[in-house]
């Protein structure tokens, strides 16, 4: 197994764990609070449920390496949306009152990597959806 394949697994697992924990935190912290925050930004609060669910399920999918491109695409859209709607005004490093968009940008870039990358050798995508025609 190559260093690149090991790197993909590490990156995919850390990215998946990060999104999973963010999804769990949204539900544990009271999803209605997140919905209220969305409303304050002019985004329908009901989308908070979709975002939290995608983070939760998408994080698990990334960790397992199943549906990686789909999960990474959805998570990239969420990160792009978070940057544009909530974080951009605070700047890259934040404004002292709220965090900037540096983490969101890093998560967006990592997600896009998996949208563009080939299947990892150590993934359920590879095990389930690769034919072994010899």
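The values are calculated or read from the model by the stated rules, or taken from the named source; none is laboratory data. As the structure is a computational prediction, the values presented were derived from the model and not from experiment. Counting neighbours? That spans all protein chains shown, and the Cβs are built from the backbone with ideal geometry, glycine included.
Before moving on, here are some points about what is shown:
- Checking 121, 51 one by one, the residue that is closer than 30 Å to residue 5 by Cβ and touching a residue at least 12 places away in the same chain (Cβ under 8 Å) is 121 and no other.
- Qualifying residue in region 89-102 (condition: in a helix (DSSP H, G or I), more than 20 Å from residue 7 (Cα to Cα) and over 15 Å from the mean Cα position of the chain (by Cα)): yes
- Whichever residue in region 50-84 is farther than 17 Å from residue 110 by Cβ and within 15 Å of the chain's Cα centre (by Cα) and, among such residues, is surrounded by the fewest Cβ atoms within 10 Å (Cβ to Cβ): 50
- Filtered by the rule that a residue be within 18 Å of residue 106 (Cβ to Cβ) and free of Cβ contacts under 8 Å to residues at least 24 places away in the same chain, region 1-24 gives 7, 10, 14.
- Exclusive hit being in contact with a helix residue (DSSP H, G or I) (Cβ under 9 Å, 6 or more places away or on another chain), closer than 21 Å to residue 129 by Cα and at pLDDT 95 or above, set 36, 23, 16: 16
- Search result, residues across region 90-134 that are more than 23 Å from residue 14 (Cβ to Cβ) and surrounded by 15 or more Cβ atoms within 10 Å (Cβ to Cβ): 90
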